[in-house]
Amino acid sequence: MQAAYVYSLGTKETTAARVHALYAFIRVHQFVSALRAVKSDKSKLFDTEMVRSIVLPDGTEHKVDYDPGNPAELAEANRILDALVNDERVSDAEFDTLDRALKPSPPARVRANTPVISAAFQTFCAQKRSEGAWKDPEHAERYDYGPIVTELIQASGDRPIGSLAVEHLRTFKAKILADGSSFATKAKKLGSIKSFLNWARDEQQLTGVSTAILQLSSRKIEAAHYEPFSDDDLKKLFHSPAYRDQSFAKASEFWLPLLGLYTGARINELAQLHLDDISEHDGVPVLSINDEGDKRTKTPASTRKVPIHPRLIEAGFLQYHELVRTEGWQRLFPELTRSNIPKNGYGKEPGKFFTKYRRAQGVSLDADRKKVFHSFRSTANSMLRFAEVPQERRERLIGHESEGTNNKIYRPDDLDRMFPIARLLADLEKLDFGLQHPKYEARQDHRNARVSAAQRRSRTDATEPGDAAALVQGK
């Protein structure tokens, strides 16, 4: 069924009525076509976040003005927009509601004699480097910004940045929203372009384009929708012959899954740990997750101290830590080598191993990637939630960005006082999965793996602090 619209022309004069009718027809057609252009799946309810701004071919930008804090109004806007897109009948009153919400604004003025987008991006990167704004400039340019700027150029052409219009950003956003990545990845991509274009507009006066259309909802989405492991999954993973017989070829293969389960930390946060990151705080053994040296953290909230769970201590974690120190190393898992791609850090190699190991134990054999190493994070967070650990303390333990203000405005010293380590340890002790873990047995092949990795690094001039001293002891 085609949509039917009944709309007052606002005049009784025949000639004027015909002009108004033609204009109304064109406007409705353009509006609905624009809505269809950004709707990727008709089986789902329309998302008003995708049509906060519509640019029609006449150059006018129309903003859909609704109150996202009003559930009833938001639901009504969703319903009407969904009906429009799916060619369902929309009453004149409903269309008038949307029509009144469309507030035309003049198109951005085109700036003359501006560099093309790719050249402006090179200037952007050079300025960020000179200002020291990026901790790892090469990584930021090649991985955080470069690929997404390339996608913008693919969507709009490598045009003079001063000619970039909201309609180009709308096309670009629609492509990103339909690319199948997670909500967090989409938000990160759009945020990178917004940062670049805001710089071009506010600091360089190269463009007048509004970046409001690139904003996504602030709703929180569980990272990549990774599912927690079930009790049966955990038994398969930790009561396996490899744990029972201690047949892992490397110490990191034994320890990283255990650390993931009892800390909820990300794989790279654990794989990159230095020996000095294990210490005591107020008499409690802790892991310090930080971005010092060559280490990386995902967000500011990722920097934190996590109490070492008693089950890890029972399994011999502190003895393993001391063993590696006596061998002369500086990192906790020196058998792991940093990836050539900085964003992967030290987690790529153990991540591949865990995928192979998980599948060998019959856990999540399908390719949907719903259960991966990151699922330990979801598992820990879920159990803490079920144990009624308050959200702000869960965020502190897991390293999630806070939905409130505490973690965003307080200094690290303030946070330490707000979240005493003894209180966090009591919370963490609620992670009880009913599993039996063997005590780690130091093995010669584990030491050999550490030495071999250092030897490989020495051949490629990629040595790390502690390699030389440990190699001397290893001979």
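The values are calculated or read from the model by the stated rules, or taken from the named source; none is laboratory data. This one's a predicted model, so the numbers in the text were calculated from it and none came from an experiment. Note: ideal-geometry Cβ built from the backbone for every residue, glycine included; neighbour counts use all protein chains shown.
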Any residue in region 142-159 that is at pLDDT 85 or above, buried (at least 20 other Cβ atoms within 10 Å of the Cβ) and either part of a loop (DSSP other than H, G, I, E, B) or among the small types (G, A, S) (or both)?
no
The condition from (1) buried (at least 18 other Cβ atoms within 10 Å of the Cβ); (2) at pLDDT 95 or above; (3) farther than 17 Å from L397 by Cβ that L275 misses is numbered (1)
What tally of residues in region 250-270 results from selecting those that are assigned to a helix (DSSP H, G or I) and under 19 Å from the mean Cα position of the chain (by Cα)?
5
Any residue in region 434-455 that is assigned by TED's automatic domain parsing to the domain that holds Q246 sitting within a Cβ distance under 8 Å of a residue that is in a loop (DSSP other than H, G, I, E, B) and basic (K, R)? List the pairs, counting only those 6 or more apart or interchain.
H446/K250; A449/K250
Assess whether F353 counts as being of a type in the set (A, V, I, L, M, F, W, C), within 24 Å of the chain's Cα centre (by Cα), within 26 Å of F238 (Cβ to Cβ) and surrounded by fewer than 22 Cβ atoms within 10 Å (Cβ to Cβ).
yes
Every listed condition ((1) in contact with a Ser or Thr (Cβ under 9 Å, 6 or more places away or on another chain); (2) in a loop (DSSP other than H, G, I, E, B)) holds for G328 save (1)
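Okay, residues lined up against (1) crowded, with 19+ Cβ neighbours inside 10 Å; (2) assigned to a strand (DSSP E or B); (3) not assigned by TED's automatic domain parsing to the domain that holds I421:
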{"position": "S279", "(1), (2), (3)": "no, yes, no"}
{"position": "S288", "(1), (2), (3)": "no, yes, no"}
{"position": "A301", "(1), (2), (3)": "no, no, no"}
{"position": "L312", "(1), (2), (3)": "yes, no, no"}
{"position": "E335", "(1), (2), (3)": "yes, no, no"}
What are the residues in region 187-213 that are out of contact with any Lys or Arg (no Cβ under 8 Å at 6 or more places or on another chain), in contact (Cβ under 8 Å) with a residue 60 or more places away in the chain and outside any loop (DSSP other than H, G, I, E, B), if any?
F196, W199, A200
Condition broken by T263, with the remaining ones in (1) crowded, with 18+ Cβ neighbours inside 10 Å; (2) modelled with pLDDT under 95; (3) hydroxyl-bearing (S, T, Y) satisfied:
(2)
Extreme residue, modelled with the highest pLDDT, among residues of region 358-373 that are surrounded by fewer than 17 Cβ atoms within 10 Å (Cβ to Cβ) and either under 18 Å from the mean Cα position of the chain (by Cα) or assigned to a loop (DSSP other than H, G, I, E, B) (or both)
G362
Taking L424 as the residue in question, decide whether it is over 30 Å from A184 (Cα atoms) and either modelled with pLDDT of 60 or more or part of a loop (DSSP other than H, G, I, E, B) (or both).
no
